[in-house]
Amino acid sequence: TAVPPASDTPLERFARFAAAQSDAARSTGRLAALFAPQSITGTPERLACRLQPPAVAIDLDPGRSRLDLANPPAAAPGLADALTAIRAAGLRVFWISALPVSEADRVYAVLRATGLDLDGTDRILLQRKPGESARERLQAAAGDWCFIALAGDRPGDFEPALDYLRDPDGPIARALKVL
């Protein structure tokens, strides 16, 4: 009997990538998918992780706007399964949004209602102060977690420098886009 080919959605590729990064980090030492802030203007260098447990961060905000908690979108097909695979690989899932921390209960309710975090085990990173960037929130959490994979709908979701590159195909862009 022929085995049907596995589907290969971006979410499934992300889940496989995250699991592979987790396995590699366990065997060869850990490097985060985050860049050391001081290295962005030169040769970007990934943050080294010590013994922090591995995690992934997923951006909830569409484009440059915030997640609409009054009318959240349905979960992308396959996302719940990809998250199950990520969690089974021993990774903690973090959701990130530009919403203020005062909306945390509503964000958790949306994650449960959409089937993305039925058990309530995921973490969220919301703005603690107006204008706080996703990178700032991730850098703060990186003291406790090793973010080995990041998912968003645009490159600047996690590294704002990608929004301001003069040469999107230049050496800095290529170094940043590796992740």
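Per-structure values
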read-out	value
For the range 65-179, projected area of the alpha-carbon convex hull averaged over all directions, nm²	8.2
Carbon plus sulfur fraction of accessible area for the range 66-167, probe 1.4 Å, in percent	51
Accessible area expressed per residue, the range 79-124, with surrounding protein chains retained (probe 1.4 Å, Å²)	46
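The values are calculated or read from the model by the stated rules, or taken from the named source; none is laboratory data. Source: prediction; values computed, not measured. Side chains are part of the model used for accessible areas, which takes the heavy atoms of the whole protein and leaves out ligands, DNA and RNA. Shrake-Rupley method; radii C 1.70, N 1.55, O 1.52, S 1.80 Å.
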